[in-house]
Amino acid sequence: MQALRFHHFGGFENLHVETLPDPQPSPGELIVRIHAASLNPSDAKNVLGRMEGTTLPRTPGRDFAGVVINGPSHLIGAEVWGTGGDVGFTHDGTHAELLLVPADGVRPKPKNLSFEQAAVVGVNFVTAWLGLIEAARFKAGESVLVTGASGGVGSAVTQIAKWKGGQTIAVDRKPLSPERKKEFGIDHSLIADANENYKSMIEGAKRITSGKGVNVACDCVGGPLFEPCLRTLGQLGRQVNITSVGERRVCFDLLDFYHRRLSLIGVDSRSYDTMASAAILEQLTPGFESGALKPIPIAKQFRLNEAVQAYTQVSEGTLKGKAVFVFPPA
């Protein structure tokens, strides 16, 4: 099989397409012929050596969609999707023609999604589900404020929250178009303006919630937005953080924090392997099949031999949407 490999951390010039022996499943495992595999920022950081725990040499890639070609007989020919915090780091990943995974590490692909659409769901929606539903215990009728709302995880959070009957407040650096707000289930949008210390964002959240503050803040940016997010929360509010852009260290008013009885939760999708992630995808499937959830738009498709270009564009953030590797028919 053909697979993307890197033997050393560093620049993307370390990525090469290599011919490897086809993987052979043991009992309880299966082989997926990859039809499409998305490229996430964490995949690029992995090659650059900015992710922990990766063993080399390695095939990168976390998200995938394809067809089972070897393994349990009842799964042969099944169209499946998956993702995981182990593949691409401690196990060979999805930027290859074939993928070896546990049989419980895949689920049937939503019938109405193409392979390419299914392949761009994994990391973004699993992270959003972990933060909003499993960590923050978001419920119908609650409000959620989401920073970085135009990004992959942020737009997944607003969609899931709307699907679950919540009120959504999107925060981004630029105004969101009416079309984007409708597509991603956004009720209100606010601007994150560092020049005025995010005052309009904080005041806007209080105004929208009639002075009560939001129930949940999903901070998909961190850094300078960490404390302003905390200030948008009402009594018993919960804040979820998944990253920190720029400055890693943050500060906040601890007395105010405990007087409002706030909760701060960190979420890392890397701690969820293919089997744990598959269980989350199974819960997301009805949302996609009903049309309540929509994959992040695909900006560009690539072949494996265009990997350096693809990884560079994702790392630099020049694509307005998802990058996805597609594979010709076997």
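Observations on the structure shown:
- Within segment 36-55, the presence of a residue that is over 16 Å from residue 270 (Cβ atoms), of a type outside the set (S, T, N, Q) and open to solvent by 60 Å² or more (accessible area, probe 1.4 Å) is excluded.
- Sub-7 Å Cβ pairs linking a first residue in segment 234-254 that is farther than 17 Å from residue 202 by Cβ to a second residue that is of a type in the set (Lys, Arg), at least 6 apart or interchain, are 236/261, ordered by first then second residue.
- Evaluation of residue 209 against (1) in contact (Cβ under 8 Å) with a residue 60 or more places away in the chain; (2) under 22 Å from residue 267 (Cα atoms); (3) open to solvent by less than 30 Å² (accessible area, probe 1.4 Å) (one fails), failing number: (2)
- Applying the condition of being aliphatic (A, V, I, L, M) and open to solvent by less than 20 Å² (accessible area, probe 1.4 Å) to segment 1-26 and asking which residue is nearest to residue 330 (Cα to Cα) yields 3.
- Considering residues of segment 56-68 that are open to solvent by less than 40 Å² (accessible area, probe 1.4 Å) and not aliphatic (A, V, I, L, M) only, the residue nearest to residue 86 (Cα to Cα): 62
- Search result, residues across segment 74-100 that are touching an Asp or Glu at 6+ places or on another chain (Cβ under 7 Å) and either surrounded by fewer than 23 Cβ atoms within 10 Å (Cβ to Cβ) or of a type outside the set (Ser, Thr, Tyr) (or both): 84, 85, 86, 88, 98, 100
- Among (1) closer than 17 Å to residue 283 by Cβ; (2) of a type in the set (Gly, Ala, Ser); (3) open to solvent by less than 30 Å² (accessible area, probe 1.4 Å), the one test that residue 140 misses: (3)
- When the residues of segment 197-206 are filtered to those that are assigned to a helix (DSSP H, G or I) and not aliphatic (A, V, I, L, M), the one that is surrounded by the most Cβ atoms within 10 Å (Cβ to Cβ) is 204.
- Number of the exception - residue 305 against (1) surrounded by 19 or more Cβ atoms within 10 Å (Cβ to Cβ); (2) at pLDDT 95 or above: (1)
- Verdict on residue 219 being under 28 Å from residue 93 (Cβ atoms), modelled with pLDDT of 95 or more and touching a Gly at 6+ places or on another chain (Cβ under 7 Å): no
- Selection within segment 207-226 - within 21 Å of residue 142 (Cα to Cα) and either out of contact with any helix residue (DSSP H, G or I) (no Cβ under 9 Å at 6 or more places or on another chain) or of a type in the set (A, V, I, L, M) (or both): 207, 208, 209, 210, 211, 214, 215, 216, 217, 226
- One residue alone among 300, 294 is of a type outside the set (A, V, I, L, M, F, W, C), closer than 21 Å to residue 36 by Cα, within 15 Å of the chain's Cα centre (by Cα) and open to solvent by 70 Å² or more (accessible area, probe 1.4 Å), and that residue is 294.
- Of all residues in segment 291-319, those that are under 28 Å from residue 183 (Cα atoms) have Cβ atoms under 7 Å from Cβ atoms of residues that are basic (Lys, Arg) and open to solvent by 30 Å² or more (accessible area, probe 1.4 Å), 6 or more apart or on another chain, in 299/320; 319/300.
- Subset of segment 101-114 [open to solvent by less than 40 Å² (accessible area, probe 1.4 Å) and assigned to a loop (DSSP other than H, G, I, E, B)]: 106, 109, 110, 113
- Test: residue in segment 183-196 that is crowded, with 20+ Cβ neighbours inside 10 Å and small (Gly, Ala, Ser): yes
- Filter pass, residue 147 being at negative phi, free of Cβ contacts under 8 Å to residues at least 60 places away in the same chain and either open to solvent by 10 Å² or more (accessible area, probe 1.4 Å) or of a type in the set (Val, Ile, Thr) (or both): no
- Within the set 103, 118, the sole residue that is more than 19 Å from the chain's Cα centre (by Cα) and more than 20 Å from residue 263 (Cβ to Cβ) turns out to be 103.
The values are calculated or read from the model by the stated rules, or taken from the named source; none is laboratory data. In this text the structure is predicted, and so the values were computed from the model without any measurement. Glycine also receives a Cβ, built like all others from the backbone with ideal geometry; neighbour counts cover every protein chain displayed. These area figures cover heavy atoms from the full protein model, side chains too; ligands, DNA and RNA do not enter into them. Shrake-Rupley method; radii C 1.70, N 1.55, O 1.52, S 1.80 Å.
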